[in-house]
Amino acid sequence: MADLITYRDAVADGIAREMRRDPAVVCLGEDIGAAGGVFKTTVGLQAEFGPHRVRDTPISEQAIVGIAMGAAMTGIRPVAEIMFSDFLACCWDYLANEIPKMRYMTGGQVTVPLVIRTANGGGLGFGAQHSQSVENWALAVPGLKVVAPSNPADVVGLLASAIRTDDPVVFFEHKGLFASRGEAAPDGHVVPLGEAAVARPGTDITIVALAATVPLALAAADELAGSGVQAEVIDLRCLVPLDMAAVLASVRKTSRLLIVEENPYQGGWGGTVASIVADEGFELLDAPIRRVAAACVPLPFADALEDEVIPTTPKVVAALRDLLAY
Amino acid sequence: MADLITYRDAVADGIAREMRRDPAVVCLGEDIGAAGGVFKTTVGLQAEFGPHRVRDTPISEQAIVGIAMGAAMTGIRPVAEIMFSDFLACCWDYLANEIPKMRYMTGGQVTVPLVIRTANGGGLGFGAQHSQSVENWALAVPGLKVVAPSNPADVVGLLASAIRTDDPVVFFEHKGLFASRGEAAPDGHVVPLGEAAVARPGTDITIVALAATVPLALAAADELAGSGVQAEVIDLRCLVPLDMAAVLASVRKTSRLLIVEENPYQGGWGGTVASIVADEGFELLDAPIRRVAAACVPLPFADALEDEVIPTTPKVVAALRDLLAY
Amino acid sequence: MTATVDAPRLLELYELMSVIRGTEKAAHDAFLAGLVKGTTHLAAGHEAVAVGASAALRPDDYVFATYRGHHHAMARGAAPAECLAELMSKATGVCQAKGGSMHLTKASAGMLGSYAIVGAHLPLAAGAAWSALLRGTDQVAVAFFGDGATNIGAFHEALNLSAVWALPVLFICENNLYMEYTPISSVTAVEHPAADRAAAYRLPAEVIDGNDVVVVADAVGRAADRARAGGGPTVLEAQTYRHFGHSRTDPATYRPAEEVQRWLARDPLDVASRRLSELGVPDQEITAAAARAAGVVADAVAAAKSADGADPAQALTDVWADGGHQWRT
Amino acid sequence: MTATVDAPRLLELYELMSVIRGTEKAAHDAFLAGLVKGTTHLAAGHEAVAVGASAALRPDDYVFATYRGHHHAMARGAAPAECLAELMSKATGVCQAKGGSMHLTKASAGMLGSYAIVGAHLPLAAGAAWSALLRGTDQVAVAFFGDGATNIGAFHEALNLSAVWALPVLFICENNLYMEYTPISSVTAVEHPAADRAAAYRLPAEVIDGNDVVVVADAVGRAADRARAGGGPTVLEAQTYRHFGHSRTDPATYRPAEEVQRWLARDPLDVASRRLSELGVPDQEITAAAARAAGVVADAVAAAKSADGADPAQALTDVWADGGHQWRT
Ligand SMILES: Cc1ncc(C[n+]2csc(CCOP(=O)(O)OP(=O)(O)O)c2C)c(N)n1
Ligand SMILES: Cc1ncc(C[n+]2csc(CCOP(=O)(O)OP(=O)(O)O)c2C)c(N)n1
Ligand SMILES: [Mg+2]
Ligand SMILES: [Mg+2]
């Protein structure tokens, strides 16, 4: 069997592979250098590539992504870290108004090949300002590619694609997955953007999941397997490009769809997926489309409270049972 | 017949009514004082209420909404203007992380009664950074109320509710509607938040619309009326609270649903509406749910290009015909 | 400088600082014992800033703090027990365990929150100060923030607007030399990241000894007086040092041993107790104050530990002012 | 001061400023005639800043401008015809009519865009400067911005980071006394909103006559030399005035008549032509340059007017580097 590595270590591995391949790739962010990042996802990079290619910044989120953008427009491929995805709000102008629009509004004169990496999601008791799942914010902006891996090999393979594409990418690393282990990525591993994975094949119901909701969906599917139900779990991997072909193909087989997302229900990415299926897949459906998503509340601190708010395996199991009984 | 006033004038009227009623209501923003606002939506306010209650600010969007928040926490009811809704990105931390979370994360110790008004939407050739419809951004944040009126009387009535509620409200004024006219609001006019209006009753298909897509939907409905089809147009008025009861009641009658929204399809508010109907209203539907929304591109400058990107009456008519023929 | 704090008052402040120190140590132990989820940012070493400032402020003034804000909450009157309970996810937490360590808030004591986005609360303090002007009171508002916060946009916008509007707000930087693990000097070109920026807004500034509670009380008192009299904002940069790492179990190995020693030798508790001795307060009174503080902390730990866990039903309350979280019909 | 610009070169600059002035007037007329949608922010009056700076920069340097950026686009080499065509929604527009007046960009000439969010492009210029360092070139990057931009957070973050990293970037403020309709002096406590902030980042600064193309060229030349030599950023505050209102049809009645007169008397074209006379350039050569400029503008207007309208199919291209806009399968 292949070596196991953590999702956390896969991040540094994935970045290092690209930095070795292409001298134009550089990293910047708060405490990413000697400290190796607050989540230890950049350990070893400064030692290997030096302080000019792996650079600590002041606490200036706008400067971080703004400087990355200016560098990307002029021949560099920056990988900028925004420590917690909640802080994307501090530089949202760059993600919403500058980076994604530059190419289009100049009539294609300029490209902006950069990656903004950020630690996303809850479940760790970090409270309302350090726990949000905000992949839906990025989805809402035309011109951003949106990636959110669920396992270490995908981290490496999707980072490779994200860094190599000439389009701007927001790369969501899930805090709840950092400690999880999986197979290491083979040399040269590249996962194309926009290809969902079938994380578990099945015939009876489709579960669409992303990042940390993939293991949740798998656990729920396992639980149902005991009662003879085979759920198919689709790991979207990316929100943009969005692999709706994979979702629709699965629903064609199962006729039932459950979407599991950590962002809040209202405005969540599942609404986009559901609405496409309710349009293009209307005739495939034998049951309502259901979404298990976060409640419309800020993330509370205490575990017992946070569990009430974000998706959990029991909630997924209950929703599956409901839909199967329809 | 009642007097006609413009949507633009209704804004200043609505604010003035509340400022007369409650001395705690104050306004702040860029060029809102002597200049009367770049859209002339605050004309007369500084003259009537003085420079302390109607205050010009530096170009400091974070300070504008941040100071409004601090004031709201301590007995004032600020109405802050962010000139173009695109600039909400410059202070998104306050809208996403601070204002909506304060009450919750302090266990209810603090309330934040403020209104952030902003000019939203396209169709006027202002280009990619001054034309976006970003009501979906606000929808995605638990703890914000989201209002987007379609006519002058609603502007006044919804402003009254927005300023009086103890919750933070983002109030989207549509640039494309400023010059439009409608009946003036009677004295004491208050429209509760979260009650959709039936802008046009009908039996054959439901069109859900908001702000500038309401007149689009009405025009399309009129066009179809020629062929004997009666479309019902629901003006949501608010995204939070969202009047799904009104939408579901209409679909119960019509069995067909078209959603018309100006924000981009991916991540747009219509996805949330569609997914609720695809779940709770699954059995009511005789046809797929369709959404006419903006394309996944930044807003282009030239009219001929912008029309390709945002909803237009012909696009709505085509979608209606499609669904009716299903 | 003439101390405006007399001996009996200084003994009270010493005791309060001791309570805070003890509570921070208890929080650290609780974290290591697995009783605290998420993260904590302890303020041990910073006590004199919070206690000195609070001593110079009025109960109706407003205070805004950062995620490293336990000391400010307690200095303004939050009980150690309710703070520890918050950290331990208990129903008796000062924010019902919905906020956690980074968001301690005691609104009834004018402590209007701890904010975990660096710099975000500076405009809020300006807003509270504006509110005081609008309502015709002579309250002042204070924002406490770290050295790292001086490089973020909100700092600039808040200072500029506060200066132009002559708001009664104090900007107090707790310069502890480091952001998380990176020295502030490596990312700032001026020596005093807060004070050296004040001139850009035509604001008065002072660099003060943040480990001397009397110095802090005096400086804050002067700045608050000026603000109340319509003289506008002041920037104070209090030099201090954290005794623990940045957060959680950070051993802070990035700090030179010599530097740590130098600062530990200037422990704010020692500075205060030396002052007490100089003022003629007998040793046994100082020891007695410390003992009382230890008792308060021990009781607080016991109370927090034995309290009920947070009520899951609370997860869905208090999003809206009506107490609920409904967003649709 | 010694002019480093000799007579023949100054005549060229005069002609270029005349082209820009003429194009701005043509844009104004086109707007009034309903040929320009949306809004325009004319730079008439600011020509010396753009032309003086460009004269001191190299073709491979980078320039970033604001929504008031026509002069910078043309100074760097965008043709008046392609700029006017952009404003008139024509297929031949410099951005294919996808950008509009506020977003003129001529990347092939190192003019890397006009940005319509105040202050947003300052970090971008810093990024281009960082890129030059990383790639080992000695290019410099320049951000031009208004006085109003000095109060937004991005200004602060960009200057701090650029200073600490010693980036080869120039921050050039076009201080025209007003934001949209509100004087900068009413919202800024220091006299020179850009230059007086430089010390907060330990950066050198100069306040210069922005209506004298030679003064601008000299100052920018000095700053660029220092930047290329590793001396880091410079803040320049060029004092200037806009001849039209803020945007569109703004009659700018908020400006005192005396102030307008004073500044019109310092029209950058007149300043340059006086300098030319002083350098002994005969009047008829100056007039001939102005006439050539008028011819260029007339041709540009004709070309823009007669060009095809924007192609609707362009609406859905160039979101992604592959040329398309697909976001799903
Ligand atoms: C906008 C933002 N960026 C980054 C962080 C992560 N972060 C939390 S504390 C911290 C260091 C802050 O340093 P300083 O302001 O000196 O305060 P101290 O922790 O030393 O008290 C950082 C970078 C954050 N919370 N918010
Ligand atoms: C972040 C942001 N806030 C507000 C605006 C609206 N706005 C456009 S130009 C302008 C005034 C800018 O003044 P200044 O920086 O002095 O430049 P000038 O227009 O005088 O050249 C304002 C407020 C904007 N475009 N971006
Ligand atoms: Mg610090
Ligand atoms: Mg100006």
Handout entry: Relative contact order computed over chain C (Cα-Cα under 8 Å; 6+ residues apart), in percent
Key = 24 percent
Exercise for the section: Would you mind checking which residues have amide H under 5 Å from A:S180's amide H? H placed 1.01 Å from N; only 5 or more apart, or other chain. Expected result: A:Y7, A:R8
Problem - Full-stretch length increase - D:R202, D:L32 - with 0.36 nm per residue and alpha-carbon distance subtracted - result: 56.6 nm
Exercise for the section: Please give, to one decimal in nm, the separation of the simple spin-label points placed at B:R21 and D:D60, each 7 Å out from Cα toward the Cβ. Expected result: 6.6 nm
Practice task
Determine which lysines satisfy two conditions relative to D:K90: a Cα distance under 22 Å, and not lying fewer than 8 residues away in the same chain.
Solution key: A:K101, D:K25, D:K37, D:K98, D:K106, D:K305
Problem - Whole-number percent relative contact order across segment B:4-183, with pairs defined as alpha carbons under 8 Å at least 6 apart - result: 27 percent
Handout entry: Long-range amide H partners of B:I259 with built H, under 5 Å
Key = B:V208, B:R290, B:R291, B:V292
Fill in the blank from the handout: Counting Lys and Arg as +1 and Asp and Glu as -1 over every other residue whose Cβ sits under 13 Å from the Cβ of B:G66, the net charge comes to -4
Handout entry: Förster-model FRET efficiency, 25 Å R0, A:A318 and A:K253, C-beta, rounded to 0.05
Key = 0.60
Completion exercise
Checked against the positive end of the charge dipole of chain B (+1 on Cβ of Lys and Arg, -1 on Cβ of Asp and Glu, about the Cα centre), the farthest of B:I276, B:T57, B:I289 is B:T57
Exercise for the section: Determine, from the Cβ-Cβ distance of A:A47 and A:A179 and an R0 of 25 Å, the FRET efficiency 1/(1 + (r/R0)^6), rounded to the nearest 0.05. Expected result: 0.65
Exercise for the section: Please turn the phi angles of segment A:95-105 into ³J(HN,Hα) values with the Karplus equation 6.51 cos²θ - 1.76 cosθ + 1.60 (θ = phi - 60°), one per residue in order, whole Hz, x for glycine and proline. Expected result: 6, 8, 10, 9, 3, x, 9, 4, 4, 5, 6
Handout entry: Amide proton proximity set for B:R77, modelled H, under 5 Å, gap of 5+
Key = B:V25, B:V26
Practice task
Report the residues of segment B:97-137 in range of a label on D:T249: point 7 Å along Cα→C-beta, backbone N strictly under 20 Å from it.
Solution key: B:123-127
Exercise for the section: Using a cut-off of 15 Å between beta-carbons, work out the net charge of the residues near C:G38 (Lys and Arg +1, Asp and Glu -1, C:G38 not included). Expected result: 0
Fill in the blank from the handout: Note on chain A: contact order normalised by length, alpha-carbon pairs under 8 Å, 6 or more apart, percent, works out to 16 percent
Practice task
Show which lysines lie in cross-link reach of A:K253 when reach means a straight Cα distance below 26 angstrom and same-chain residues fewer than eight apart are skipped.
Solution key: A:K315
Handout entry: Approximate spin-label separation C:D311-C:A229, in nm, with each point projected 7 Å along Cα-to-Cβ
Key = 5.0 nm
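Readers should treat all values here as calculations from the given coordinates under stated rules, not as data from a laboratory. Quantities reported herein were computed from a predicted structural model and do not represent experimental measurements. Neighbour counts are summed over all protein chains in view; Cβ atoms, including those assigned to glycine, are modelled from backbone coordinates with ideal geometry.
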